[in-house]
Structures are given as structure tokens and as C-alpha cells.
Amino acid sequence: MEIEKKYLIRQLPESIEQYPHHLIEQGYLNKDPVVRVRRQDDTYYLTYKGSGMLAREEYNLPLNAESYKNLIKKADGTIINKKRYCIPFQEKYTIELDVFSPPFAPLVLAEVEFPSIEEAEAFIPPEWFGEEVTFQPEYHNSNMAFGNTPTSFNK
């Protein structure tokens, strides 16, 4: 089960390059249910995501490079590329800060995963976060890939 909140951000944190980061490329083979292929650096996955906004089922299956290259060619919509920074927060969370490449730039989204819905609901974000967009489907990567792009990126 993935329990996750999403936020726009007001500004990038200072010295962002000091944090570990990953280069991500992903494409969608299906939208309902979500079936995605992803390359994260030199690691490859096939992911299934169930329905839901705050909490939903998620399964990641490993792929090899050849399988990924074959499947990404079959992806529908726009391939998403982004740089993901992993920023520790409050000793128990990791903020995954996604800086999107064109055509989705200048979109920057922060995601935080939680062990329970109660913890997610009690979460107080840092000052540099902006509007919460967890329940706005246009900010789901799968919807963005299929042309349902947010009308305004970062506010």
C-alpha cells in the first residue's frame, strides 16, 4: 500500500544539489489501472498502481534493461523525464522532490510517503511547500502523460 501526499512548492530548498538524486524516465502502458515502466538511473521497473488518491495499492516488479527498452516503446502518451531529489525531513520522512523536464517544466512536485493514513493526515509540511495537490488528479503523472496537464504549475 502506498500512502502519499503531493505538494507544489513555493521555492527550491537551498543547496538542493547536496541531496542525493535520481534521473527518472517513465512511460505508461495503461491508465486504468495504471501500468507504468520506469528507469531510475540504471534500475528498471514495471509498476502496477490501483485506484485512489491518498492511499492505493502499488506493486513494483524488476525489469532488465532490454525488457524496459522494449516496453517503453509501447508507452502511450508523453514519456515523463524528471530529476528526483531525496531530502530527509524530521528524521522519519524523505521528501521526494521531482523537477520535471520539458514539456512539463517548470513543474516541481514534492511527494512524501507515510506508514499510515493517520500519519499522513497529521503531517505538517515544511515552509517551502506550497499548495497540497494530493486530491487533484491532474497532478498524477499518469494523467499528465495522457495530456491532462495541470493548468497552472507552481503557484
Loop sites in the stretch 102-136: GluC sites (Glu not before Pro), DSSP, at most 12 other Cβ within 10 Å: Glu127
With all protein chains modelled, accessible area of Ile79 [1.4 Å, Å²]: 50 Å²
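Hey, got the dipole for the chain? About the Cα centre, +1 on K and R Cβ, -1 on D and E Cβ, debye to the nearest 20?
On the way: 17 positive and 24 negative charges, 141 e Å.
Roughly 680 debye for the chain.
Please compute the net charge surrounding Pro115, taking Lys and Arg as +1 and Asp and Glu as -1 over other residues with Cβ under 12 Å from its Cβ.
Values: positive: Lys92; negative: Glu2, Glu4, Glu113, Glu118, Glu119.
Result for the neighbourhood of Pro115: -4.
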The stretch 4-53 - accessible surface per residue (Å², probe 1.4 Å): 53 Å²
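Would you calculate a helix-derived [θ] at 222 nm for the chain, using -39,500 (n - 2.57) for each DSSP H run of n ≥ 4 and dividing by the full residue count, to the nearest 500? Numbers along the way, then the final one.
Numbers: 3 runs with 19 residues, N = 155.
For the chain, the value works out to -3000 deg cm²/dmol.
Give the Kirkwood hydrodynamic radius (Å, one decimal) of the stretch 20-155, defined as one over the mean of 1/r across all pairs of different Cα atoms. Intermediate values should be presented prior to the final figure.
On the way: mean 1/r = 0.0633 Å⁻¹.
Computed over the stretch 20-155, the radius equals 15.8 Å.
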Farthest toward positive dipole pole in the stretch 64-152 [+1 Lys/Arg, -1 Asp/Glu at C-beta], among Asn148, Phe123, Pro88: Asn148
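Using a 1.4 angstrom probe on heavy atoms only, work out the carbon and sulfur share of the accessible area of the stretch 1-74 in %.
Numbers: 2090 of 4360 Å².
Of all accessible area on the stretch 1-74, carbon and sulfur atoms account for 48 percent.
Using +1 on the beta carbon of Lys and Arg, -1 on that of Asp and Glu, and nothing else charged, what's the dipole of the stretch 71-110 about the Cα centre, debye to 20? Walk me through the numbers on the way to the answer.
Values: 6 positive and 4 negative charges, 38 e Å.
In debye, rounded to 20, the stretch 71-110 gives about 180.
The values are calculated or read from the model by the stated rules, or taken from the named source; none is laboratory data. Note that the coordinates shown come from a computational prediction; the quantities given were computed from them, not determined experimentally. Please note: Cβ atoms are built from the backbone with ideal geometry, for glycine as well, and neighbour counts cover all protein chains shown. With ligands, DNA and RNA removed, areas are computed over all heavy atoms of the protein, side chains included. Shrake-Rupley method; radii C 1.70, N 1.55, O 1.52, S 1.80 Å.
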